[in-house]
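Trainee: Here it is, the structure, as structure tokens.
The values are calculated or read from the model by the stated rules, or taken from the named source; none is laboratory data. Quantities reported herein were computed from a predicted structural model and do not represent experimental measurements. Positions of Cβ are backbone-derived with ideal geometry, glycine not excepted, and every protein chain shown enters the neighbour counts.
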């Protein structure tokens with residue numbers, strides 16, 4: 001079988017998450033680990049050595065050098081969020097397609113600058129929200145879209161927490177106001193918001209109310225928060241995100257006819273399979289002493305892990321542009337922007353003392 | 001084996017739920033179906049015939065006649081909530097111990113009148129929240145109380161919804177302002193609030209904020225609502241309850257070290273066993289491509305269904321009073337009252353336009 005056309009990736013920086021994405025690029029049939037750049041050559045070389053880069057890969061002592069490599073088609077940007085606007089815009093200007101870590105920007109204003117640069121240069125942008133690409137996600141969407149099974153969406157609850165250790169809470173970029181100023185909201189909250197929007201077919205809520213009691217660190221960065229979202233048609237959602245509680249990853253979507261539920265929506269419990277539960281027209285047995293029908297479990301297998309499927313889909317889009325003259329796929333920047341809009345509204349609600357904030361696109 | 005001393009039950013009214021509780025009384029080793037009263041003799045006779053009452057059982061054409069039967073030790077009261085104050089107080093005055101359907105009262109003021117009558121007469125009162133008596137509930141509590149497994153409670157989410165049909169939405173007592181004026185909040189919301197308080201070891205929240213967007217019927221009865229609870233120590237909870245969405249019954253309790261989760265907390269999927277999931281110090285595999293450890297499932301078997309265990313525990317307490325001169329157990333009225341207090345605060349928050357309401361005992 002002929003090997004598909006390859007998209008050459010350059011990686012900006014040696015963040016922990018870049019190890020996982022490097023492996024995903026290596027696993028992806030249409031992507032190649034071509035270059036890595038760090039602030040020092042030594043760090044980049046060490047990263048390449050430890051993360052399966054081929055011997056022919058380029059090692060650079062700066063991010064600029066990666067962007068100046070004419071063989072680099074696309075860059076993966078796992079830099080702190082505050083640096084996204086600089087490096088994402090520069091990458092776009094240098095015609096590099098962009099796989100951008102989440103949260104994509106500090107706010108939708110910065111994101112719009114990035115998106116405009118991408119639009120101007122005709123490059124693809126996609127945020128690195130891996131679970132969107134698991135085949136389980138598509139199966140779950142089939143369920144939600146089947147009116148006889150699920151009916152009309154009424155409520156969503158999403159929860160993503162993990163128990164950060166002392167070192168994380170003191171030193172991680174996600175607790176530093178100059179690096180990832182959105183803290184837990186930008187990190188774990190991003191996934192909650194994305195999952196809610198996904199369940200709502202990316203229909204934006206009309207309003208967002210942050211729930212009082214946000215936990216901040218001494219620098220004012222959010223460590224835990226939650227919010228309530230309302231739509232014009234009456235559906236509602238809540239989420240809770242935190243760095244301060246045991247790793248929990250729940251998504252529950254309730255419709256008039258059905259319920260969808262899973263407890264590992266962002267990272268499946270196992271790499272090669274993902275499960276979820278559905279319930280349809282649930283009811284009770286005679287005398288209400290049990291359920292009939294009960295919820296049922298579904299398992300979806302995948303040969304490639306979700307992050308490799310993400311890289312592969314991104315590379316397919318980049319390949320269409322590069323080899324077939326296609327236009328960038330608008331879906332992905334649109335989803336990034338909607339997620340950021342809601343995230344901004346939650347932040348605004350917190351800053352305004354838990355006022356209800358209208359969401360306007 | 002000698003049969004334990006029997007507590008003679010009288011049932012006030014022939015509500016649907018009374019069928020389940022009649023069976024529970026019949027199953028309970030220390031309780032006897034002694035009498036049933038309805039507004040007509042014929043209805044009561046039909047109910048007794050269809051629900052396993054012994055031939056010797058007394059059939060009465062009024063509730064008063066049940067209360068006047070000197071052989072009745074205890075009454076089960078499944079009447080509409082608006083009638084609780086009248087019949088519960090009268091029952092207590094006639095020295096009948098009280099198994100009272102939830103919601104126990106329209107508000108804590110009415111409940112206090114009932115509790116005072118019970119106190120004055122020295123009778124036991126217990127609300128009919130069946131899941132509290134499942135052995136699974138005790139097992140789950142063991143987990144929550146084990147600091148090395150669960151740690152400190154950080155957040156709870158509880159959801160109880162069911163899809164009421166057209167007939168229910170038009171005719172059920174739970175949508176009638178003169179009967180069960182608390183609607184979904186009193187019916188399904190009661191369980192959500194109880195489960196949150198249970199998880200919080202019945203530590204009352206400092207404040208309650210109802211979430212905007214309560215759905216009312218044309219008579220102003222709540223069909224769907226939600227709320228956010230906050231404690232002094234920073235823990236938080238959300239719940240969602242509704243008559244308008246597929247039957248869903250979720251409880252998720254997240255601590256610093258562990259997570260507890262179940263999807264059938266009020267009515268177990270199967271009558272004789274109940275499962276729940278726990279996770280302790282959950283983490284990810286290398287490169288964050290899976291979980292280690294993963295949550296684990298636990299199953300608790302029970303010979304008697306939870307409602308029979310409830311009747312049995314209630315009868316045991318009544319027996320201690322009747323045969324051994326013990327005092328009524330204060331735990332149960334205390335839990336009823338705390339649940340009602342929070343329920344009242346949610347209702348007040350809705351009525352005040354979604355203001356935060358302080359909870360005061």
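Trainee: Go over the candidates A:287, A:304 one by one and state the one that is within 14 Å of chain B (Cβ to nearest Cβ), surrounded by fewer than 20 Cβ atoms within 10 Å (Cβ to Cβ), assigned to a helix (DSSP H, G or I) and in contact with a helix residue (DSSP H, G or I) (Cβ under 9 Å, 6 or more places away or on another chain). Before you say what the answer is, go through the steps one by one.
Mentor: Values: A:304 fails: assigned to a helix (DSSP H, G or I).
Residue meeting the stated conditions: A:287.
Trainee: Continuing with this model, one more query. Those residues that are facing another protein chain (nearest Cβ under 8 Å) and in contact (Cβ under 8 Å) with a residue 40 or more places away in the chain, I need them from the range A:272-284; list them, please.
Mentor: A:280
So that you can scan it fast, the table gives a plain yes or no per residue for (1) surrounded by 24 or more Cβ atoms within 10 Å (Cβ to Cβ); (2) part of a strand (DSSP E or B); (3) touching a strand residue (DSSP E or B) at 6+ places or on another chain (Cβ under 9 Å); (4) more than 11 Å from chain B (Cβ to nearest Cβ):
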| site | (1), (2), (3), (4) |
| --- | --- |
| A:177 | no, no, no, yes |
| A:189 | yes, no, yes, yes |
| A:192 | yes, no, yes, yes |
| A:195 | yes, no, yes, yes |
| A:209 | yes, yes, yes, no |
| A:212 | no, no, yes, no |
| A:218 | no, no, no, yes |
| A:238 | yes, yes, yes, no |
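Trainee: Looking only at the range B:253-271, decide whether some residue is more than 25 Å from residue B:106 (Cβ to Cβ), without any contact (Cβ under 8 Å) to a residue 12 or more places away in the chain, under 19 Å from the mean Cα position of the chain (by Cα) and within 10 Å of chain A (Cβ to nearest Cβ).
Mentor: yes
Trainee: For the range A:42-57, which positions are touching a strand residue (DSSP E or B) at 6+ places or on another chain (Cβ under 6 Å) and more than 18 Å from residue A:315 (Cβ to Cβ)?
Mentor: Our first condition is that a residue be touching a strand residue (DSSP E or B) at 6+ places or on another chain (Cβ under 6 Å); within the range A:42-57, this holds for A:44-45, A:47-48, A:53, A:57.
Hits for the range A:42-57 are A:44, A:45, A:47, A:48.
Trainee: Here's another thing I want to ask about it. Only one of A:36, A:77 is modelled with pLDDT of 95 or more and farther than 22 Å from residue A:176 by Cβ; which?
Mentor: Numbers: A:77 fails: farther than 22 Å from residue A:176 by Cβ.
So the residue among A:36, A:77 that is modelled with pLDDT of 95 or more and farther than 22 Å from residue A:176 by Cβ is A:36.
Trainee: What is the number of the single condition among (1) free of Cβ contacts under 8 Å to residues at least 24 places away in the same chain; (2) over 23 Å from residue A:20 (Cα atoms) that residue A:143 does not meet?
Mentor: (1)
Trainee: Could you check the range B:15-32 and list, in sequence order, the residues that are farther than 16 Å from residue A:286 by Cβ, crowded, with 23+ Cβ neighbours inside 10 Å and touching a strand residue (DSSP E or B) at 6+ places or on another chain (Cβ under 7 Å)?
Mentor: Result: B:25, B:31.
Trainee: While we're on this one: Please verify whether the range A:122-131 includes one or more residues that are buried (at least 21 other Cβ atoms within 10 Å of the Cβ), touching a strand residue (DSSP E or B) at 6+ places or on another chain (Cβ under 9 Å) and over 18 Å from residue A:11 (Cα atoms). Talk me through it step by step, then tell me what you get.
Mentor: Filtering the range A:122-131 down to residues buried (at least 21 other Cβ atoms within 10 Å of the Cβ) leaves A:123-131.
Then keep just the ones that are touching a strand residue (DSSP E or B) at 6+ places or on another chain (Cβ under 9 Å); that gives A:123-128, A:131.
Right, trim to over 18 Å from residue A:11 (Cα atoms) and you get A:131.
Checking the range A:122-131: at least one residue is buried (at least 21 other Cβ atoms within 10 Å of the Cβ), touching a strand residue (DSSP E or B) at 6+ places or on another chain (Cβ under 9 Å) and over 18 Å from residue A:11 (Cα atoms).
Trainee: State whether the residues of the range B:104-116 include one that is within 14 Å of chain A (Cβ to nearest Cβ) and either within 26 Å of residue A:154 (Cα to Cα) or in contact (Cβ under 8 Å) with a residue 40 or more places away in the chain (or both). Working first, answer last.
Mentor: Residues of the range B:104-116 that are within 14 Å of chain A (Cβ to nearest Cβ), as a first pass: none.
There is no residue in the range B:104-116 that is within 14 Å of chain A (Cβ to nearest Cβ) and either within 26 Å of residue A:154 (Cα to Cα) or in contact (Cβ under 8 Å) with a residue 40 or more places away in the chain (or both).
Trainee: I'd like the full set of residues that are over 22 Å from the mean Cα position of the chain (by Cα) and at negative phi, limited to the range A:215-229. Walk me through how you get there before you give the answer.
Mentor: From the range A:215-229, those over 22 Å from the mean Cα position of the chain (by Cα) are A:215-220; that's our starting set.
Of everything in the range A:215-229, those that are over 22 Å from the mean Cα position of the chain (by Cα) and at negative phi turn out to be A:215, A:216, A:217, A:218, A:219.
Trainee: Also, quick follow-up: Being surrounded by fewer than 21 Cβ atoms within 10 Å (Cβ to Cβ) and assigned to a strand (DSSP E or B), is that true of even one residue in the range B:307-330?
Mentor: Scanning the range B:307-330 turns up no residue that is surrounded by fewer than 21 Cβ atoms within 10 Å (Cβ to Cβ) and assigned to a strand (DSSP E or B).
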